[in-house]
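Beneath this line is the structure, given in structure tokens, with notes to follow.
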Amino acid sequence: MVEKASYKNEMQHYAVTVARNDAASATAHVREHTFTVSIKRGGGEAGPNAAETLLSALGTCLLTNVQTLAEKMRIGLEDARVEVEGTRRNVPPGLVEIRYTLYLKSDAPPEKLRYLHEKAAAWGTVTNTLSRGVALKGTLVPL
């Protein structure tokens, strides 16, 4: 008899390539999708900067889980959006606080929406990464 693998023990791998276009922009390649990002400090005309991209990932993570869980919980959503803000420290550079507000329009009772929010945040890849931290390892390969 073959044992079914536990979902908790499964691992997924994500891969993104970000390639410089010029002194102001780069293109992020994710599977068959691409988008332009700004790589000029203080710029942003080419697209979102790195911090904005990170904050967008958090909003996307939350909305993904809200949508998935709402369907499982049979909650009808008329509208949903997340507003995300971050506060940056300059020396050393880094975000020191991230805040978000989740807006949901639904006929569901408020306590059911609070539970939906709680579970969406608890089961998010990005929410867990940001709230718990992750080991960051880098390698240089001269071209």
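Please treat every number below as a calculation from the coordinates, not as lab data. Since the model is a prediction, treat every value here as computed from it, not as a measurement. Neighbour counts are summed over all protein chains in view; Cβ atoms, including those assigned to glycine, are modelled from backbone coordinates with ideal geometry.
Go through TYR14, GLY133, GLY42 and say which Cα lies farthest out towards the positive end of the charge dipole of the chain; charges sit on Cβ, +1 for Lys and Arg, -1 for Asp and Glu.
Farthest towards the positive end: GLY133.
Provide the descending list of Cα extents for the chain along its principal axes, expressed in whole angstroms.
52, 47, 31
For VAL134 and THR68, what does the FRET efficiency come to when R0 = 22 Å and r is the distance between their Cβ atoms, rounded to the nearest 0.05?
Rounded to the nearest 0.05, the efficiency is 0.45.
Provide, for the chain, the number of lysine pairs with alpha carbons under 29 Å apart, each pair being eight or more places apart or on different chains.
Going through the chain pair by pair, I get 11.
Treating only the Cβ of Lys, Arg, Asp and Glu as charged (+1, +1, -1, -1), what charge dipole size does the chain show about its Cα centre? Round to the nearest 20 debye.
The dipole of the chain has a size of about 400 debye.
Only Cα pairs within less than 10 Å get springs; with that Gaussian network setup on the chain, which residue of ASN128, ASN49, ASN90 has the largest fluctuation?
Top of the fluctuation ranking is ASN90.
Mean separation of Cα pairs under 8 Å and 6+ residues apart, divided by the residue count of the chain: what relative contact order is that in percent?
15
How large is the charge dipole for segment 73-143, taken about the Cα centre, if only the Cβ atoms of Lys, Arg (+1) and Asp, Glu (-1) carry charge, to the nearest 20 debye?
280
With θ set to phi - 60° and the Karplus curve 6.51 cos²θ - 1.76 cosθ + 1.60, what are the ³J(HN,Hα) couplings of segment 16-28 in order, to the nearest whole Hz, using x for Gly and Pro?
Listing the rounded values in order: 9, 10, 10, 10, 5, 8, 7, 5, 10, 9, 9, 10, 8 Hz.
Starting with the fewest neighbours, write out VAL141, VAL134 ranked by other beta-carbon atoms found within 10 Å of each beta-carbon.
Exposure proxy ranking, most exposed first: VAL141, VAL134.
Taking the chain as a Gaussian network, Cα atoms linked when under 10 Å apart, which of ALA108, ALA15, ALA24 shows the biggest mean-square fluctuation?
In the Gaussian network model the winner is ALA15.
Working out 0.36 nm times the residue gap between PHE35 and ASP79, then minus their Cα-Cα distance, what length gain in nm do you get to one decimal?
Stretched out fully, the PHE35 to ASP79 stretch lengthens by 13.3 nm.
Compute a Gaussian network model of the chain, connecting alpha carbons closer than 10 Å, and tell me which residue from LEU55, LEU113, LEU63 fluctuates the most.
Largest GNM mean-square fluctuation: LEU113.
If you average the sequence gap of Cα pairs under 8 Å that are 6 or more apart and divide by the length of segment 49-132, what percent do you get for the contact order?
Reported as a whole number, the value is 34 percent.
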